[in-house]
Each structure stands twice: as C-alpha cells, then as structure tokens.
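Before any comments, here is the structure.
Nothing in this text is a laboratory measurement; each read-out follows from the coordinates by a stated rule. Source: prediction; values computed, not measured. Every residue, glycine as well, gets a Cβ built from its backbone with ideal geometry; the counts of neighbours run over all protein chains shown.
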Amino acid sequence: MSDIQPLTVPQGSSDQQSQQLDILAPNQRTEQELLIRIPFYSSPVIQTEPAIQAYLEFKDEFLFGASGFTLLGQRGDGRKTALLVMRNLLRQEFPEVETVTWAPLGEELTTPTARWGSLLAAAGYRFWRGTPEEIKWRLLNLIDERTAITGVYRFVLFVQSVEKLEWEMIQALAALKTNLQVKGIQLFLVGTAEINAFKAMVEDTKALDRLATIRSLLGSGRVLRPLTSALDLDSVLREIETSVYTEAGSVTWVQFLLPKACKAGFKLSDHAGAFKVAVDEYAANGRVTAEFIFRTIKRSLGEASKNDQPGLTIGVDQWKKAMGLVLDGIVYLPEPKEGN
C-alpha cells in the first residue's frame, strides 16, 4: 500500500514511549497508522458537480436579495455533503462572510433551551446558561460582534434537516432575523430538507402568515440533481485522485493506497468510463444515490489496494464487484482453507 517504513518504537516506560510517539513527525507514522487517519475513509467533503451547481444557485440568491435557500432531495442523495461543499466554497470566495453550520441532533430539539443552546454551541459558544431568551440574545450579540469585526454585515447560517425544526423554532429564527435586520445585519439561512417532508411542512401550513414566515426564512427550494452523468462521475474520480494526504508526505489519497500502480501511471479518472457502464447497469434496476456512488468508490479502491501492482486496472467487473459488496446486507464468511 505504501513504501513508508514501520516506526521503530523507542525504549523506555510506556508513558515515555507515548510522549515520544506524540511528537514524532507525521512521515514517521507506520503504514497502519496512516491508513486509519486517511480522510478518504472517514468523512471527506468531496466536491461534486451537483454540489457546485447548488452553490452557484445559492450564491446568486444570496448576493441579489433572496431571503433564504433550501436544498431538497431524497435520502442518500448527498445533501449533507453538498451543504458542506457550499459552505466551504463560500468561505473560499468570500472569506469575510461569517458563517455557522448547525446540525442538531434529535434530543437537541426537544426544548427551547436545548435548541438555542445547540445553536449557540455550533457558533462556538460552548458555555451557556439561562433562559432561551437570554441564550438567543447571546447569539444575536455574537453575530453582531463578528460582522462588525469583518465589516461585512451578512451572516450565513447553514442548517442540516430544516424539516425537523418545529414551528416555534422557525418562528424564533425568523424573529432573530428581524432583530438582526434592525441592526443592519442580514441573516441568510441555507438549509437541507427531505423533499417530501419539506412539501408536507409547507402544505400543512394553512395560515398565510405562517407560510410567509417559512418562505421569508427558508426561501425557495432547489432539488439536488442525481450524481449519475458521465461528467459527474469523472469529476468525482478526479477530485479523489488529486486530493492530497499531507500527513503521508503530500502524496494523494490514491497514491497512498496504490503506490505501485500510480508509479506505473495509474489514474483513477481513466476508469470513469467503466464506472459509468456499471452505474448504468445498476440504475436499470434501482435508484442510484450519491451515498451508493461514494461507498462503491471506497470499496473499489480498498479491493484494488489488496492487489496493488503496475498495470492495475479497475474494469466494469471490478466496479460491479464493489457494488455487490456495498449492496449485500448479509455476507457469509468463507469456509477455512485446508491447512488453516
């Protein structure tokens, strides 16, 4: 997998060894230590063409006076990652715009204090006490201070799964938006939502004033398109093959996993055509989600790393095998071979 040599453990007590290991340079880590740390197999935020398209739509709404933006889709389509891509692109293009990303857990939405405390914690304010109203005013002052420092009086709040917010919280966020507007600060909310749940939330709002409040906060909905076109798959593979694993000595993720193949000229994007054929065959029998695509790529590279060699290829059959590993919910362990 990698040409990095195993680490020689220094002599001494276990405490001394631990302290010495902690200060070792990153390139002195063992191959196994580096494998467990590689971002590709944890929670990578990988740019996709649909996520970039969503960002451009959001940016246009944000810059030219819209009230909010909600990214819609079905389960597994990559909305959560797309939201983080949008946040990261905004930070790159407009680093002076202050942002907060809020992904509340279910238990954090049960009481007003828990809801506002969770949001305040997402803004970096870890120690909070008091009533919901007091916590809300701390958040308002925090936004006021941060925008005053940058001189850009716009604040973007990214929220995962806005359909889970109760009416009381939507109403409270709308009130916060109004309070900030009095101070000359724009609060712009960017949310994600499951499309049917979002429709139900809007359609169940029979009172016109409630509907107006929801739309003033969440803006218009945009449906994230599927990650299935040839361009989409090619761009994902190129993003993965150019992502650098700094801790492993500035090699790319793919170079770390397939050093022998890459040294001989292997490029993951060269196998996008075969991947597209396999995806199309699967799509004929089921819905292709972004989650499925990424899990397939991870399994495919994992299988390829076990057979790393010059001239390695990932053909249609290899992609389909990886899809099978992703799809099989129950797999029987193989029978032991004779002599084992």
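General observations
- Per residue, the convex hull spanned by the alpha carbons of the stretch 165-222 comes to 79 Å³.
- Counted residue by residue at 0.36 nm each, then reduced by the alpha carbon distance between them, the extension gain from S42 to L327 reaches 100.6 nm.
- From helices alone, the chain scores -16000 deg cm²/dmol at 222 nm; the rule is -39500 (n - 2.57) for each run of n ≥ 4 DSSP H residues, then divide by the residue total.
- Pairwise label distance in nanometres, R222 with R126, each label 7 Å out on the Cα-Cβ vector: 3.5
- E96 versus I149: modelled label distance in nm, points set 7 Å from Cα along the beta carbon direction: 1.6
- A dipole drawn for the chain from +1 and -1 charges on Cβ atoms has a positive end, and of T48, A283, I214 the residue lying farthest that way is I214.
- The convex hull drawn around the Cα atoms of the stretch 92-164, when projected onto a plane and averaged over every direction, covers 5.3 nm².
- Ordering A82, L327, L180 by Cα displacement along the dipole of the chain toward the positive end leaves L180 in first place; charges were set at the Cβ atoms of Lys, Arg (+1) and Asp, Glu (-1).
- Rounded to the nearest whole angstrom, the semi-axes of the ellipsoid equivalent to the stretch 198-280, taken from the Cα gyration tensor as √(5λ), stand at 45, 18, 8, largest first.
- In terms of the mean number of neighbouring beta-carbon atoms within 10 Å, the peptides 270-282, 141-153 order highest first as 270-282, 141-153.
- Taken over the C-alpha atoms, the chain has Rg and Dmax values of 24.0, 78 angstrom.
- Computed over the chain: relative contact order in percent, which uses C-alpha pairs under 8 Å that are six or more apart: 21
- Spherically averaged projected area of the stretch 49-223 from its Cα convex hull (nm²): 9.8
- When only the Cβ of Lys, Arg, Asp and Glu is charged (+1, +1, -1, -1), the dipole of the stretch 49-223 relative to its Cα centre reaches about 160 debye.
- Antiparallel bridges, percent of DSSP beta bridges restricted to the chain (to nearest 5): 10
- Using the average count of surrounding beta-carbon atoms within 10 Å as a protection proxy, the listed peptides 76-89, 48-61 rank, highest first, as 76-89, 48-61.
- Across the options Y245, I135, L312, the greatest Cα extent toward the positive end of the charge dipole of the chain (unit charges at beta carbon of Lys, Arg, Asp, Glu) belongs to I135.
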